[in-house]
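Peer 1: Encoded as C-alpha cells, here's the structure I'll be asking about.
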Amino acid sequence: EAEVAQSPRYKITEKSQAVAFWCDPISGHATLYWYRQILGQGPELLVQFQDESVVDDSQLPKDRFSAERLKGVDSTLKIQPAELGDSAMYLCASSFSGGEPRFFGPGTRLTVL
Amino acid sequence: SQQGEEDPQALSIQEGENATMNCSYKTSINNLQWYRQNSGRGLVHLILIRSNEREKHSGRLRVTLDTSKKSSSLLITASRAADTASYFCATVLQGAQKLVFGQGTRLTINP
C-alpha cells in the first residue's frame, strides 16, 4: 500500500540551529500539507501546496520557517533558527484534492534544546 | 485556531464495551472526518461524512452528523485493546479546502 514517507523520524537540535524535514507524498497526490502537532493537541496546518504552488501558508511563521515543493512532488520544510517552542511533531500529508481525506506520514519528532 | 472540540478529552473503558466520542464545531462545513493516531505516530483516516449525510458505518465504526446542532459522534462497538489511541475529528469548512482538527479524545481500552 502506498504511503507518505518522511525523514528523519527524530531530530534533536540546539536552539538557533537550522533543521530541515523531508516528505515524499503518495504518487499522484497533487496536494501536500505540512502540519505541526504540539503534544496533547490536534495538528495545525502550517502550509498547503497544490502541485508546486503554495495555496495556504497563513499559519507559517515566515520569519523562521520556509517550505518548498520545487517539482511538485517531494517537499522540504526548514526552520532557521530553531527555538525552544518549535519542539513538536511535524506531520506531512497528501491527498488527491483539498477537501478529501489526508494520508499522513509517520511524522518527524523535533526536540529543540 | 481549532474549530472542533472533542468530548470527553479522555475515555477509559473495558475491552468489549462500546466507546462514544463527540465532536462539536462552530461554522458550516462541507464534510467532517475522523482520524485515529496511535502514540507517537501519524494519523490514519477512519471515515468521512458529508454535510448532507446523517449517518455512516464502517466495520465497527458508526459516525453520526447533526448539522443543526453542529455536532458529530463516533461510536466504536465491541472495543479491542488495539483501539487504544487518540481520536480526532476534523472539519472541512464550507467554501474552503482547509481541514481543521479538534484537540482529540484519548481512548484507553483495558483488557
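The values are calculated or read from the model by the stated rules, or taken from the named source; none is laboratory data. Everything numeric in this text was worked out from a predicted model, so none of it was measured. Cβ placement follows ideal geometry from the backbone for every residue including glycine, while neighbour counts extend to all protein chains displayed. Calculation scope for accessible area: heavy atoms of the full protein, side chains included, ligands and nucleic acids excluded. Shrake-Rupley method; radii C 1.70, N 1.55, O 1.52, S 1.80 Å.
Peer 1: So for the range B:55-67 (the condition being open to solvent by 30 Å² or more (accessible area, probe 1.4 Å), within 14 Å of another protein chain (Cβ to nearest Cβ) and of a type in the set (S, T, N, Q)), does at least one residue qualify?
Peer 2: yes
Peer 1: For A:Arg9, only one of the following conditions fails: (1) away from every other protein chain (no Cβ under 12 Å); (2) farther than 28 Å from B:Glu5 by Cα. What is its number?
Peer 2: Here A:Arg9 meets the rest and fails (1).
Peer 1: As an exercise: evaluate B:Ser39 against (1) within 25 Å of A:Leu110 (Cα to Cα); (2) part of a strand (DSSP E or B) and give the number of the one condition it does not meet.
Peer 2: Looking at each condition in turn, B:Ser39 falls short on (2).
Peer 1: Have a look at B:Arg106, B:Arg50 and point out the one that is within 14 Å of chain A (Cβ to nearest Cβ), surrounded by fewer than 21 Cβ atoms within 10 Å (Cβ to Cβ) and in contact (Cβ under 8 Å) with a residue 60 or more places away in the chain.
Peer 2: The conditions single out B:Arg106.
Peer 1: Here's a follow-up. So which strands (runs of 3 or more DSSP E) stay within the range A:1-87 end to end and still have 3 or more residues that are open to solvent by less than 20 Å² (accessible area, probe 1.4 Å)?
Peer 2: Strands (runs of 3 or more DSSP E) meeting the threshold: A:19-24, A:31-37, A:44-50, A:75-79.
Peer 1: Among the residues of the range B:14-30, are any charged (D, E, K, R) and in a strand (DSSP E or B)?
Peer 2: No, the range B:14-30 has no match at all.
Peer 1: Would you confirm, using the coordinates I've provided, whether B:Lys98 is within 30 Å of A:Leu110 (Cβ to Cβ), in contact with a strand residue (DSSP E or B) (Cβ under 7 Å, 6 or more places away or on another chain) and free of Cβ contacts under 8 Å to residues at least 60 places away in the same chain?
Peer 2: Considered against the rule, which asks whether it is within 30 Å of A:Leu110 (Cβ to Cβ), in contact with a strand residue (DSSP E or B) (Cβ under 7 Å, 6 or more places away or on another chain) and free of Cβ contacts under 8 Å to residues at least 60 places away in the same chain, B:Lys98 comes out as yes.
Peer 1: Another question about this same structure. When A:Gln50 is evaluated against the numbered criteria (1) over 19 Å from B:Phe101 (Cβ atoms); (2) out of contact with any Gly (no Cβ under 9 Å at 6 or more places or on another chain); (3) in contact (Cβ under 8 Å) with a residue 24 or more places away in the chain, which criterion, by number, is the only one it fails?
Peer 2: Result: A:Gln50 fails condition (2) only.
Peer 1: Could you tell me how many of the residues in the range A:49-98 are within 14 Å of chain B (Cβ to nearest Cβ) and under 10 Å from the mean Cα position of the chain (by Cα)?
Peer 2: 5
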